[in-house]
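J.: Before anything else, here's the structure in question.
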Amino acid sequence: MRRPFIKMHGLGNDFVVFDARAEPLVLAAAQVIALADRHTGIGCDQLIVIEPSDVATARMRIWNADGGEVEACGNAARCVATLLGGQAMIATAGGILDATATAGRASVTYPPPRFAWDAIPLAYAMDTRDVPVAWGPLEHGQAISIGNPHIVFFVADANSVDLATLGPLIEHDALFPKRVNVGVAHIVDRGRAVLRVWERGVGVTQACGTGAVACAVAAIRSGRVDLRVTVTLPGGDLDVEWHGAAATLTGPAVSSFTGTVDL
């Protein structure tokens, strides 16, 4: 069975996208892993399936490269928004997103971030503003749910952190029952932060949309920056605005190529 796909990316965070609104598509974890393989498959950080929805313009389902289905992906949401065009509502396992697409860019508004320990979730109750656990040099993390779980650490220099070693250690810590995305950031000024992200089930990526939102929210919440923040990732810049309720993420979304694949 051959199915058409679109290869897309947001700042280098790349996706294989299937439109299953007219013809349903069921994928096993092994198929996702095979398609995501950069040597023998198409290659991607996440695989996306667009499905019909009774409550939104469309439903977006997301699988990480390791075959696990996850709740949210900010860069993928912007890519899907550009495919849907104009104003759209996108249903995800992490909530319904309000999206607006323009030429080569899109803005996605998320439901309010969640800070309760059991909403993230963590394994037991604690202060999510200052998680009382350290992993090597990373301490005083802020835990946040942007529809998916994140922990953000503010450091002197995000680029000096050995994220390839610390990322998987934190992701699989028993403190995080659903695992966690790990962000390390430093503040440049009141309007800019530099961020690197270890994405659960993927590894270090060029960009992470929900990670950028988590970073900005954590920085705003702790008084480090103003209410509008540009988050610089290895792949480029994302803009985040948060006034204490819903958070809006804006940035590029690009179609790389189209093709068909034998499933």
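The values are calculated or read from the model by the stated rules, or taken from the named source; none is laboratory data. Worth saying up front: this structure is predicted, and the values here are computed from it rather than measured. With ideal geometry, Cβ positions are generated from the backbone for all residues, glycine too; neighbour counts draw on all protein chains shown. These area figures cover heavy atoms from the full protein model, side chains too; ligands, DNA and RNA do not enter into them. Shrake-Rupley method; radii C 1.70, N 1.55, O 1.52, S 1.80 Å.
J.: With every protein chain kept in the model, how would you rank Leu84, Leu249 by accessible area, 1.4 Å probe, largest at the top?
T.: On the way: Leu84 35, Leu249 0 Å².
Ranked from most to least accessible, the order is Leu84, Leu249.
J.: Report the accessible area of Ser160, computed with a 1.4 Å probe over the heavy atoms of all protein chains in place, in Å² rounded to the nearest 10.
T.: Taking all protein chains as shown, Ser160 has close to 90 Å².
J.: If you line up the long axis of helix 74-84 against the longest principal axis of the chain, both from Cα atoms, how many degrees apart are they, to the nearest 10?
T.: 30
J.: Is the shape of the chain best called rounded, prolate or oblate, per the rule: a/c under 1.5 gives rounded, else a/b larger than b/c gives prolate, else oblate, with a ≥ b ≥ c the square roots of the Cα gyration tensor eigenvalues? Each step should come with its number before you reach the end.
T.: Details: a/c = 1.69, a/b = 1.44, b/c = 1.17.
In terms of gyration-tensor shape, prolate.
J.: At a 1.4 Å probe radius, carbon and sulfur cover how many percent of the accessible area of the stretch 41-117?
T.: C and S atoms contribute 52 percent here.
J.: Moving to a separate point now. Quick one: length gained pulling Val188 to Ala30 fully straight, 0.36 nm per residue minus the C-alpha distance?
T.: Details: separation 158, 0.36 × 158 = 56.88 nm, distance 4.18 nm.
Stretched out fully, the Val188 to Ala30 stretch lengthens by 52.7 nm.
J.: Another question, if that's okay. Please report the accessible area of Thr57 (heavy atoms, 1.4 Å probe, ligands and nucleic acids excluded) in Å², nearest 10.
T.: 70
J.: Using a probe radius of 1.4 Å on heavy atoms only, what accessible surface per residue do you get for the chain? Whole Å² is fine.
T.: Details: 10520 Å² over 263 residues.
Per residue, the chain has 40 Å² of solvent-accessible surface.
J.: Still on this structure, please answer the following. Given a 1.4 Å probe and heavy atoms of the protein chains only, how would you sort Val254, Val261, Val182, largest accessible area at the top?
T.: Details: Val254 60, Val261 25, Val182 0 Å².
Solvent-accessible surface, decreasing: Val254, Val261, Val182.
J.: Regarding the stretch 213-263, what is the average projected area of its C-alpha convex hull, in nm²?
T.: Computing the convex hull of the Cα atoms and averaging its projections yields 5.5 nm².
J.: I would also like to ask the following. Å³ per residue of the Cα convex hull, for the stretch 1-125? Provide the component values of the computation, followed by the final result.
T.: Working: hull volume 16.0 nm³, N = 125.
So the per-residue hull volume is 128 Å³.
J.: Let me ask something additional. With a sphere of radius 14 Å drawn around the Cβ of Ile48, what net charge do the other residues whose Cβ falls strictly inside it have (Lys, Arg +1; Asp, Glu -1)? Kindly include the intermediate steps, with their values, before the conclusion.
T.: Details: positive: Arg3, Lys7, Arg21, Arg59, Arg61, Arg78; negative: Asp14, Asp19, Asp45, Glu51, Glu69, Glu71.
Within the 14 Å Cβ shell, the charges total 0.
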